[in-house]
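Written out below as structure tokens is the structure these notes cover.
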Amino acid sequence: MYEKYNQGHCQAFLLDSVLGILYNHSGDNMSADNDFEQRINFGRLYDFYGGLLTERQKKVMEQYFYNDLSLGEIAEENGVTRQAIHDLLKRVEQILERYEARLGLLARNDKDKEALGRAQELLTLYIAEGNTDRRLVKAPQIIIDLSTEGR
């Protein structure tokens, strides 16, 4: 089920965040922009590292984010308390942040995308200046494909 939803996860996560129906994992009165950024980051971390979570953690994440179930509904389905689900989601967030701190895959991906964007801009300018080598004309599209493929 995780693989089925993984590719469009960030878009669904973003929509849910805009609607304000996601888990407020901060617990304090943060600005809306900061809360929104944290939610987006949480979704991106889950996209990268979700496969490393236990089956139970993934199941609860999917119930909460993909199926839009409340903490109470998830608790009832799993035979635990609402507080247990809340705690599990907090723990998952911490786990995902630790993975990123140690492995840095998300930061590396962002850096790679930025570099690909700069390369694409340079190639586009080079071609616009009249350099029409057929091999180079295709390069900007290859870069675009690389920067958007499954990322």
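The calculated FRET efficiency for the pair GLU97 and THR148, based on their C-beta separation and a Förster distance of 25 Å, comes to about 0.45. The charge dipole of region 107-148, taken about its Cα centre with unit charges on the Cβ atoms of Lys, Arg (+1), Asp and Glu (-1) only, comes to about 120 debye.
Each of THR124, LEU88, ASN109 was placed along the dipole of region 79-151 (beta-carbon charges, centred on the mean Cα), and the one lying farthest toward the positive end is LEU88.
Only the coordinates and a few stated rules stand behind these numbers; no lab work does. In this text the structure is predicted, and so the values were computed from the model without any measurement. Methodologically, a virtual Cβ is constructed for each residue, glycine included, from the backbone with ideal geometry; neighbour enumeration extends over all protein chains shown.
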